[in-house]
Structures are given as C-alpha cells and as structure tokens.
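What follows is one structure encoded as structure tokens, with my remarks underneath.
Nothing in this text is a laboratory measurement; each read-out follows from the coordinates by a stated rule. These figures come from a predicted structure and were not determined experimentally. In this analysis, Cβ positions are derived from the backbone assuming ideal geometry, glycine residues included, and neighbour counts consider all displayed protein chains.
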Amino acid sequence: MGIATSSQNFALSCRLYPSKSCSFRPAAESGPDGSAGEQSLYWGTRSDLPYREGAFPMAQNVKTTAVGNARWKRLIPVAIVVYIISFMDRTNIGFALNGLHQDLGIDAAQQGLAAGIFFIGYLVLQIPGGYLAEHWSAKKFVGIMVLIWGVLAVLSGFIQDFTQLLVVRFFLGVAEAGIWPAILVLISHWFPTAERARAYAFWMMNIAIASIITAPLSGWILSFSDWRWLFIIEGIFPFVIAAPLWWALIADHPREAAWCSVQEREYIERGLAADAKAHPQQEKLGLRHVMSNTVVWRLTLVYFLIQIGFYGINIWLPHVIKTITSGSSVEVGLITAIPYVLAMVGLWYNAKAADRSGRYSTHVLLSMAVGAVALVVSVATGDNAPFLAVTLISIAVAGALAYDGPFWASASRAMPVAVAGTAMGLINAVGNLGGFVGPYVGGFLQDATHGSFLATSIFLAGCLLAAGLVMLTLRRSGDRPLSVNRSQGARSGGPEAQTTRQKTS
C-alpha cells in the first residue's frame with residue numbers, strides 16, 4: 001500500500017504545519033446508537049507559524065438521516081473481546097504474586113520486576129506492529145499474534161524458577177506488543193475524526209472490562225487451585241474465544257466488510273477522505289519526522305507517566321485490597337472488580353464531554369488530578385475505614401483510566417497523517433515502559449518501608465499529576481477548537497460567509 005493511499009485510509013487530523021485548508025464533513029457524526037449527529041462545515045487558516053491555532057468555526061448544523069451503526073456493534077465489540085483476553089496476562093499476575101512468593105521465594109521488588117518485564121518485551125513490536133497494520137493488514141497481524149501469545153500464556157504455568165518466569169513474561173510482552181497500535185490503526189480506518197474519541201473510549205473500556213472479569217475469575221480459580229492453573233486456564237482463552245472471533249468478524253476497511261451497509265460505508269469513506277484532503281502535504285513526511293517531532297515526544301512522556309501510575313495501581317491493587325479487607329481470594333477478586341466498573345463510566349463520560357468541548361488536554365488533566373488525589377487519600381485511610389478506602393481507590397482507578405479517549409483523540413490531531421501509525425507505535429512502546437517502572441518501583445518502595453503502600457501511592461500519584469500538567473502543553477496542537485469570531489471568516493470571504501447565506505436562504 002502506497003503512502004498516498006494509506007494517508008487517505010489512516011486519516012488522522014493533524015495541525016502541525018502551516019497551510020490554508022477547507023474541509024467539509026459531508027455526512028453526520030454517527031454514534032453507537034446509529035443516529036446521525038450534525039453536519040458541519042469547518043474553515044481553517046494556517047498561513048502563520050506551526051502550532052498556532054487557526055480559525056475553525058462551526059458554520060452550520062443540519063440534521064441528516066441515520067448512517068448505520070454496524071461498525072459500533074460489530075467491529076468495536078470484537079476488538080474489545082480480543083484485548084480483554086490480552087489484558088488478562090497483565091492483571092492475573094497480581095493475583096499470582098503471593099503464590100510466586102511462596103513457591104519461588106521472590107520478594108516484593110522481584111515480584112514487581114516479574115510483572116513489569118512484560119513491558120520491556122512490549123517495546124519490540126510496537127512500531128513494527130503499527131506499520132504492518134497500516135501497510136499490510138491489521139486483521140492478519142493481530143490474528144497471528146493472538147495465537148502466539150496464547151502459547152506463551154499457557155507456558156507461564158509451567159515455569160520452575162524466577163529466571164524462567166522473567167523469560168516467559170518478556171516474550172509474552174513481545175507477542176502482545178503490536179496489538180494495541182494495530183487496533184488503533186484499524187479504528188482509524190473505520191471512524192472519522194469527529195467521532196474517534198468516542199470510538200477510542202468505547203474500545204478502551206476493554207481495560208476496565210478485562211479487570212472486572214479477570215479479578216473475580218482469578219480469585220475463583222485460586223480458590224480451588226494455584227497460580228500455575230491460573231495461567232494455564234486463562235492462557236487457553238486466546239484459542240477458544242479471541243482467535244475465532246477475530247478471524248470471522250474483523251475487516252481492515254469498510255469496503256471489505258459484507259456486514260457494512262452501502263450507506264454507512266459511503267459515510268465513513270467520505271469522512272476519512274475529507275479528513276485526509278485537509279492535509280495533503282503531510283504525505284511527504286517520514287520516520288525521521290516522528291523521531292524529531294517534539295509533539296510526539298511530549299505525548300510519549302505523558303503516556304509514560306500515566307502508565308507508571310496506572311500499572312502501579314493495577315498490579316498491586318489485589319494486594320492493597322487484601323490488606324484493607326483481609327478477605328479470601330474470592331472476596332478480594334470481587335472487590336477488586338469494583339473500581340473498574342466505575343472506570344467504565346468515567347471513560348465514556350469523559351470522552352463524550354471531551355468530544356463536545358474539544359478540550360482534550362484539559363479532560364486528561366482533570367482525570368489525572370482526580371486519580372492522584374483519590375489514590376493517596378485511599379491509602380492513608382487504609383483499614384481504619386475499609387468502605388471509604390475501597391470507594392476512594394475505585395475513584396482513583398477511574399481517574400487513572402478516564403484519560404484514554406481524550407488522550408488518543410488529541411494524539412490523532414497532533415500527529416502527521418502519513419506517519420501517525422508509526423507515531424502511535426512509538427508512543428505506546430516507549431510510554432508503556434511506565435508499566436515496568438510502576439510495579440517495580442512500587443515493590444521496591446514497599447520493601448524499603450517495611451510493607452507500607454503509602455510511599456508507593458505518593459509516587460504513583462505524583463506521576464499521574466505530572467502527566468496531566470505536561471498534557472496541557474499540547475493544547476494548541478491537540479485540542480479541537482469549536483468556535484471563534486465568525487466575523488473573521490465573513491470578512492475573509494470564507495465558508496463562514498457562505499454559511500450565513502445558507503442559513504438565511
């Protein structure tokens with residue numbers, strides 16, 4: 001697939017370079033209910049310096065007919081199921097830590113290393129995964145990697161020492177590495193930019209759903225077996241659930257999906273074409289631009305800090321819940337699922353509000369601030385008030401996850417169209433190293449403070465808050481302006497003036 005073709009298909013809005021552009025979204029925004037939203041005409045002037053805000057007034061709103069919702073009902077749910085099963089390998093080890101400590105004799109820092117080394121392996125196929133998904137096939141790439149990670153997940157149940165655990169966890173990270181950027185690319189082939197934050201948030205609910213399912217399931221498995229059977233049983237799921245669904249129902253593009261109606265296909269293709277047409281000059285950019293682009297590296301820093309905070313909470317959450325409640329494995333599993341139920345609500349409504357306001361960076365900061373404050377207060381409350389502590393840590397998890405939709409929507413606007421797949425791979429690869437740092441430093445701090453989680457919570461909260469503050473530096477390139485002074489457009493003879501005439505005609 002040539003770069004020009006991939007630019008049309010991978011039509012992520014970018015605002016990095018000066019140009020004058022006019023983009024018309026010829027069909028309505030469509031949500032999961034299949035109803036059409038509002039037709040919009042946007043006009044932008046970018047004749048000044050890079051990163052300066054142009055004028056993008058919403059010129060008119062015209063109700064249009066429904067365009068269909070097959071992509072919401074078929075594509076997104078299957079992607080969610082596949083990634084839920086993938087994410088189990090990151091969550092279930094939190095339940096296996098006590099057994100690993102007893103059988104292998106590893107301390108808290110080593111437990112954190114075993115959990116976090118997954119993300120070192122995760123570096124390997126991030127950029128290649130995004131590239132292959134864009135230039136070859138997201139369906140084929142993910143379908144193959146599902147089978148490979150299933151083999152490694154089962155092997156986790158047969159390790160005999162700490163070294164073998166580290167090796168298997170490392171290669172498990174390699175196998176799952178490219179799936180995230182590949183699915184991001186797939187979503188960008190199916191959703192125009194105006195509805196992409198909601199599409200990302202809808203799909204990224206997989207993280208919360210995976211934890212809701214994995215926590216009680218893992219607790220139940222441990223109630224009658226051990227950590228070995230935990231890894232083996234959950235390692236079978238890719239073969240019996242993920243792979244069959246993916247190969248049967250996923251298509252790389254609307255034109256390849258028999259279940260996508262002509263009306264919906266035309267809506268998607270017109271929207272993506274309009275997104276790409278606004279920035280034709282981006283087609284000449286290459287990998288060197290990604291590596292030298294400060295916006296990409298700021299997004300990477302934000303993602304790195306968030307992953308430190310989130311995975312530091314996620315991996316150690318069963319341990320914290322056990323400490324607070326002194327419950328059984330089943331009870332800990334059920335209680336651990338509660339924070340992720342709240343996280344699903346936070347994910348959707350934060351993304352919906354961000355799509356409405358266009359202030360993606362601000363919504364990332366708000367979610368990070370809520371998560372940081374709630375985490376420290378929950379740990380400080382501790383077992384003195386278990387109900388309050390569980391409530392606050394649920395809010396903390398919700399805050400640590402609610403950033404996802406606004407963050408990736410902002411990233412999709414801030415990155416050049418032609419290299420967005422590679423850039424997303426870089427952000428996810430380097431950023432996910434935070435998944436190594438969070439659990440490992442968390443374990444180290446617990447060893448240093450004789451088992452207390454307070455120092456760990458302060459460290460994780462600091463990372464979340466720092467991520468939100470760095471995100472504010474991306475407002476000009478990543479936020480989506482919805483209104484400016486209409487008179488500027490009218491005086492310039494742009495589409496603003498045309499819209500006024502349309503409204504009065």
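So, R0 is 45 Å and r is the distance between the beta-carbons of Ser357 and Val167; what FRET efficiency does that work out to, to 0.05?
After rounding to 0.05, the efficiency reads 0.45.
Would you mind calculating the gained length between Ala380 and Thr294 on full extension (0.36 nm times residue separation, minus the Cα-Cα distance), in nm to one decimal?
Here the segment from Ala380 to Thr294 would lengthen by 27.2 nm.
Strictly over 28 Å apart at the Cα level, which of Lys322/Lys352; Lys73/Lys352; Lys139/Lys277; Lys139/Lys322 would you flag in this model?
In this structure, Lys322/Lys352; Lys139/Lys322 exceed 28 Å between Cα atoms.
Taking N as the number of residues in the stretch 66-172, what is its alpha-carbon radius of gyration divided by 2.2 N^0.38 Å?
Compared with the compact-globule rule of thumb, the stretch 66-172 sits at 1.30.
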